[in-house]
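Below is one structure; the comments refer to it alone.
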Amino acid sequence: MARLTDGDDDESAADSDSILESQLNRRNYLKLGAMAASTALSAGVASAASGPEERFGIQWDRVVNAVDDLGMDPNGNEPIDNQLDSAYESGTLIEFPPGEYLATETQYWNDDVSRFGMVGTGSSHKDVQFVFPSGNNGEKYRFLEITSGDHHVLKNFSIQQTDDATTTADIWMINDDGGLIEDVEWLGRTPTDNDARRQLLAYDCSSVDGVNVARRVYMREGAELPGYPDGVAGIRVQGGSVGEIRLVDCHIEQRGSSSFRATHTRGVLRVEGGLFKNNDNTNMRISAGDHPEKTSWIKGATVIMDADNLNEHAHDGDSLDSPEGLRIDSTGNGYAGVLIEDCDFIFKSCPTSRGIVSSPTWGGHGGFTLRNCRIQNDTSVQTIHADSVDTDTADKPWGVNLENVSITGSARSQPSGAAVCIDNDRNGSTVQNSCIHFPNGDVDGVLVNDATSCEIVDSNINVSGQATVFSGADVDTSNITSGDSCPLPSADSSTGGDSSTTDSTTDSTTDSTTDSTTDSTTDSTTDSTTDSATDSTTEDLPNEIRLVGTGTTTQYEFTVTDSLQASDGTIEEWDDIESGTATGWITTEGVEDAYTFSGDVDSFSFLEGESEVYVNGEQVSESAVTDATTDSSTDGSTDSTTDSPDLSHELRLVGTGTQTQYEFTVSDALEASGDTIESWDTIDGTSAAGWITTEGVEDVFNFAGSVTSFGFVEGEAEIYVDGEQVTESTVTDAATDSTTDSTDDSTDSQNELRLVGTGVETQYEVAVSGTLEASDDTIEEWDDVSESSAAGWVTTEGVEDVYAFTGTITSLSFLQGEAEVYVNGTRVDPAVFSLPNTLVVEGDGSETTYDFMVSGDILNDPLVGPTESADSVTSGKAKGSVTDDVDAFRFSGDITKMNLTGDAALTFEDNDG
């Protein structure tokens, strides 16, 4: 088996066009003589063809018109088979004017032809359509079978399958080098494999040094969904491919099987951008390949799974069977090292599935890397599962590397129990600079089973269950926090929301050498405008925003505070509206994208390029868009104040004398209270950010719903929600349906706190996370008790102040003097309550040893888990073991080192950032 090297894995996606030209120059095909070319065609065709021309970076010996020069019927009545076969010669480019061209016989081409092209001349790839006899009757019709040659170009046309569920046509193209399939779409509904071959496009590269490109290939008008293995896939790179196949900005949706598959190729597949949505079986299926210098990768792609919301091409009864997001497998070939980078995975609804990202044992694949990826999982599907590696088959490394990966969502459970499951023999696996935020249900963060030399470092794991669970694993951890939220995928809509998620990417990568015939911005014939979130019959909203093209490829994104809809006829298939957010592309000078909306423009930005912007007829700059409609929405009958949210909750931040920056988000609505907010404080929709310093000065906000996230970016302040003081870590629980909160606290077990005088005049303050009340007559008139805090004095030796409380003690301090402190009868060091962070090691019956260090102070928390005499806690270090018991600690600063060997569960809370 060939060994994989790094090769040129970091090659820019922008280099795809230049690849073809450089290959052509390298092979020196331009030396073909005009005399040889002139004898290749019949004398009549040769006399009608134009002379040598350069198109798409390729020098053509002749360019012929399919209708005028070759006599093809553009009305779809007479077959074109003979004319097409006769014209198949080296150096020939056939241009197809708009029309329908009937193909009835497969073209079997295996003549080592160099530089052959079929290109539509319409302004849209849908203007030229190849049509086929209706009802293949199980013949599995193939349009083109090209099994040799190089620099074949198929461009700017469509293949019409119709919606009869039997008609289809596939293409198989093998090129030695320089193949290009660009702006090609399969229209209509794809049948099952009873009437179609196993994929619509088989694309291979027959030279180790070769590169063939498929750019803007579309398959998105639905398919029969019989379930695996009877569905038809989109694109397949087969075992005979030994070079590089590159897919750029493709949109493949609702296939009966994988959108693309390259599991046992001896070459590599490299995927740049694109949207892969609601495909059955797998949305992406790839291996590292076995190329001597390269490895496969996927960069900048978006996967969306929303099985409950298939697109408008779905038929009654259509449903997905078992769709996965990304499956990494090599069909038992043992390849290793595939890279997945800058990708978004969004799972909104899904039936049974192996997982969003999975690598099954039977796939025989070694290690893989996810880098700079974002995963949103709102389902019960497993998020990441690296199954046990087949050590007899798979190449090393076997480990899984997660680098700067963000995992978020509303999932309440996971099949493995944890968001990330790393199974047996995935030795050397790492999780670094990553973030996991699953606050609902009971979900652990990272589970590692029977693997050695693993690391979890510099990561935030904020989950409802245990942060890490290790079973028979050797895992080093350091700098782990648990208090932050995580970045969401940027494509938070049904059709994606960044430059790699929709067909809008076709504009941004248009080949500068191509004709204007492929400018997809002029394609207004598509029926996919029904993707927009509003019905075209909806009455116009009071405000209007228009974006007018200036000739520069431009991507925009904006959000409004209330309702948003497209203006009739202006929005194309690559533009998208999801709730109050629109994303789209505009290029051609003078062409407009127009929307109507109520409320204000909450945010606006150009992600690429620029265009003119008009709000209510007045031209504004990018930075001024958000100010253009302020107060204007109060004039119309659709004013959102008619449904004004109940801003009944209050959040107050009180300065403590420390310079403090905060930020938070609420679920429904948010506004400043009175004049407490200064110019440096901001409110953006349901989010706020600001600064507070002076002791006793307040920033006050009113809000509806609940606080969904809160954090101190710098410093700290007192926090009050609806008058009750809370901590940074409990803010998000404070206003969640107050009717349920009160019952939650009441079910907490009662605890006892006793402060015993030592003969020294002592003043104390204490606060708890639940409720607090004085016990009997131990409290004097100079002691002050509120619902969750108390301040008092105790002096006489042996005299006690006693409290009953629920929850935990969040702070306890002596303002003067000192006293003995007992909780539930156990004497404790009061200093432990000043330490903000917690760490708990819980045994499962077998011995687990632990050894960790923190950057601040650390003390045992005997209320949760007292340590034994064999355990030690000194100078920022803790070392010990658990079997069926619990050891618990409070600490300040960060965890700088963590070694845990055994099956114990580790949980922690980071409350000081």
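The values are calculated or read from the model by the stated rules, or taken from the named source; none is laboratory data. Remember, it's a predicted structure, so these values are computed and weren't measured experimentally. No Cβ is skipped: glycine too gets one built from the backbone with ideal geometry, and neighbour counts run over all protein chains shown.
Of the strands (runs of 3 or more DSSP E) that lie entirely inside the range 287-390, not one contains 3 or more residues that are on the phi > 0 side of the Ramachandran plot.
Taken as a whole, the condition of being of a type in the set (S, T, N, Q), under 30 Å from G222 (Cβ atoms), at pLDDT below 50 and part of a loop (DSSP other than H, G, I, E, B) applies to T534. The condition (being at pLDDT 85 or above, more than 25 Å from T896 (Cβ to Cβ) and not assigned by TED's automatic domain parsing to the domain that holds G723) is satisfied by just one residue among G817, G856, G825: G817.
Among residues of the range 776-787 that are within 14 Å of Q725 (Cβ to Cβ), none has a beta-carbon under 9 Å from a residue that is among the acidic types (D, E) and part of a loop (DSSP other than H, G, I, E, B) at least six positions away or on a different chain.
For the residues D112, D81, the requirement of being out of contact with any Phe, Trp or Tyr (no Cβ under 9 Å at 6 or more places or on another chain) and closer than 19 Å to G179 by Cβ singles out D112. Picking from residues in the range 95-105 that are under 41 Å from the mean Cα position of the chain (by Cα) and assigned to a strand (DSSP E or B), the one that is surrounded by the most Cβ atoms within 10 Å (Cβ to Cβ) is Y101.
Residue-by-condition table, conditions (1) closer than 29 Å to A767 by Cα; (2) in contact with a strand residue (DSSP E or B) (Cβ under 6 Å, 6 or more places away or on another chain); (3) surrounded by 14 or more Cβ atoms within 10 Å (Cβ to Cβ):
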site	(1), (2), (3)
Y822	yes, yes, yes
G825	yes, no, no
P830	yes, yes, yes
N837	yes, yes, yes
S846	no, no, no
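Within the range 547-560, the residues that satisfy the criterion of being surrounded by fewer than 20 Cβ atoms within 10 Å (Cβ to Cβ) and either closer than 21 Å to D627 by Cα or among the basic types (K, R) (or both) are V548, E557. For the range 797-809, the candidate set comprises residues that are surrounded by fewer than 21 Cβ atoms within 10 Å (Cβ to Cβ) and among the hydroxyl-bearing types (S, T, Y); within that set, the residue that is nearest to T730 (Cα to Cα) is T808. With the structure loaded, tell me whether T510 is in the same structural domain as V625 (by TED's automatic domain parsing), surrounded by 16 or more Cβ atoms within 10 Å (Cβ to Cβ), modelled with pLDDT of 75 or more and under 29 Å from the mean Cα position of the chain (by Cα) or whether it fails that test. When the stated conditions are applied, T510 does not pass them. Among the numbered conditions (1) surrounded by 14 or more Cβ atoms within 10 Å (Cβ to Cβ); (2) out of contact with any Ser or Thr (no Cβ under 6 Å at 6 or more places or on another chain), the only one that M853 does not meet is (2).
For (1) of a type in the set (A, V, I, L, M); (2) farther than 27 Å from F710 by Cβ; (3) part of a loop (DSSP other than H, G, I, E, B); (4) modelled with pLDDT under 80, each residue gets a yes or a no:
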{"residue": "S623", "(1), (2), (3), (4)": "no, yes, no, no"}
{"residue": "S637", "(1), (2), (3), (4)": "no, yes, yes, yes"}
{"residue": "T642", "(1), (2), (3), (4)": "no, yes, no, yes"}
{"residue": "E650", "(1), (2), (3), (4)": "no, no, no, no"}
{"residue": "L653", "(1), (2), (3), (4)": "yes, no, no, no"}
{"residue": "Y662", "(1), (2), (3), (4)": "no, no, no, no"}
{"residue": "T676", "(1), (2), (3), (4)": "no, no, yes, no"}
{"residue": "I683", "(1), (2), (3), (4)": "yes, no, no, no"}
{"residue": "A689", "(1), (2), (3), (4)": "yes, no, no, no"}
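If I filter the range 146-162 for residues that are in a loop (DSSP other than H, G, I, E, B), more than 31 Å from the chain's Cα centre (by Cα) and farther than 19 Å from T106 by Cα, do I get at least one hit? No, the conditions are met nowhere in the range 146-162. When S86 is tested against the conditions (1) more than 22 Å from C205 (Cβ to Cβ); (2) out of contact with any Phe, Trp or Tyr (no Cβ under 9 Å at 6 or more places or on another chain); (3) crowded, with 18+ Cβ neighbours inside 10 Å, the lone failure is (3).
Checked against the criterion of being within 22 Å of T192 (Cβ to Cβ), of a type outside the set (V, I, T) and in a loop (DSSP other than H, G, I, E, B), the range 125-133 contains one or more residues that satisfy it. Regarding the range 276-284, can at least one residue be identified that is out of contact with any strand residue (DSSP E or B) (no Cβ under 6 Å at 6 or more places or on another chain), surrounded by fewer than 24 Cβ atoms within 10 Å (Cβ to Cβ), polar (S, T, N, Q) and under 27 Å from S380 (Cβ atoms)? Checked against the condition, which is being out of contact with any strand residue (DSSP E or B) (no Cβ under 6 Å at 6 or more places or on another chain), surrounded by fewer than 24 Cβ atoms within 10 Å (Cβ to Cβ), polar (S, T, N, Q) and under 27 Å from S380 (Cβ atoms), the range 276-284 yields no hits at all.
Set side by side, the residues V271, V357 differ, and just one is at pLDDT 95 or above and farther than 23 Å from R215 by Cβ, which is V357. Here T147 meets each of (1) among the polar types (S, T, N, Q); (2) more than 30 Å from G243 (Cα to Cα); (3) without any contact (Cβ under 8 Å) to a residue 60 or more places away in the chain with one exception, condition (2).
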